[in-house]
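Report on the structure given below.
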Amino acid sequence: LEDLARDIGVEAGRARRSAPLAAARALVPMAAAALGLAAIASPHVGLRDEAGLRRAAARARGDGFTGMFAVHPAQVAAIRAAFAPDDATLARARAVVAAFEDAPEAAVLRVGDAMADLVHLRAARDALARAEARRT
């Protein structure tokens, strides 16, 4: 983002408030998904700003990014935590996978108090794979 900001003439320190940069950033997860690639967010450059790093990583995950660059090894734990599925997500993922294993012909079914379809099954498998990758 910093490189693009410089290239298009956004003043230093204003990148986070730039509409053109926000538009470009929003396209990254969509383009990555279309190409089957990981969408990695720009780093948080505040080396001693742990709270800002956590906010930036949470925002990136919420915006569809699958990871985030770190500029210092001390940032890695917070970034990994932000992109890891939480216990509730993993419990739901296990329930969705189990429900589809019990009804392999189903395209849509009820899991708890919610509907689940094949998109939810893919998301559940992705969450379980991310959790497994963290353990290795």
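The values are calculated or read from the model by the stated rules, or taken from the named source; none is laboratory data. Everything quoted here is computed from the prediction, not taken from an experiment. Glycine gets a Cβ as well: all are built from the backbone with ideal geometry, and neighbour counts include every protein chain shown. Accessible surface is based on the protein model in full, side chains and every heavy atom, while ligands, DNA and RNA are left aside. Shrake-Rupley method; radii C 1.70, N 1.55, O 1.52, S 1.80 Å.
Each residue, Asp3 and Arg48, gets one label point 7 Å from its Cα in the Cβ direction; the gap between the two is 2.9 nm. Put a dot 7 Å past the Cα of Ala12, heading toward its Cβ, do the same for Arg110, and the two dots end up 6.1 nm apart.
Under 5 Å between amide hydrogens, built in the peptide plane, is the criterion, and for Gly67 it picks out Ala39, Ala41 among residues at least 5 positions away or on other chains.
With every protein chain present, what is the per residue accessible area of region 52-136 (1.4 Å probe, Å²)?
Working: 5400 Å² over 85 residues.
For region 52-136, the per-residue accessible area is 64 Å².
Amide H contacts of His44: Val71, each under 5 Å away and 5 or more positions distant or on a separate chain (H built 1.01 Å from N in the peptide plane; Pro and chain starts excluded).
Only helical DSSP H runs with n ≥ 4 go in: add -39500 (n - 2.57) per run for the chain, normalise by residue count and round the 222 nm mean residue ellipticity to 500 deg cm²/dmol. Only helices count here, giving -18500 deg cm²/dmol. When you filter the trypsin sites (Lys or Arg not before Pro) in region 1-98 for DSSP loop state and at most 11 other Cβ atoms inside 10 Å of their Cβ, you are left with Arg14, Arg48.
Backbone geometry of region 119-126 corresponds, through the Karplus equation with coefficients 6.51, -1.76 and 1.60 at θ = phi - 60°, to 3J(HN,Hα) couplings of 5, 5, 5, 4, 5, 5, 5, 4 Hz, x marking Gly and Pro.
Mean sequence separation of contacting Cα pairs (under 8 Å, at least six apart), scaled by the length of region 72-136, corresponds to a relative contact order of 38 percent.
The angle separating the long axis of helix 87-102 from the principal Cα axis of greatest extent in the chain is about 40 degrees.
Measuring between their Cα centroids, region 50-116 and region 1-32 lie 25 Å from each other.
Ignoring ligands, DNA and RNA, please state the percent of accessible area on the chain from carbon and sulfur, probe 1.4 Å.
Numbers: 5240 of 9050 Å².
So the carbon and sulfur contribution to the accessible surface is 58 percent.
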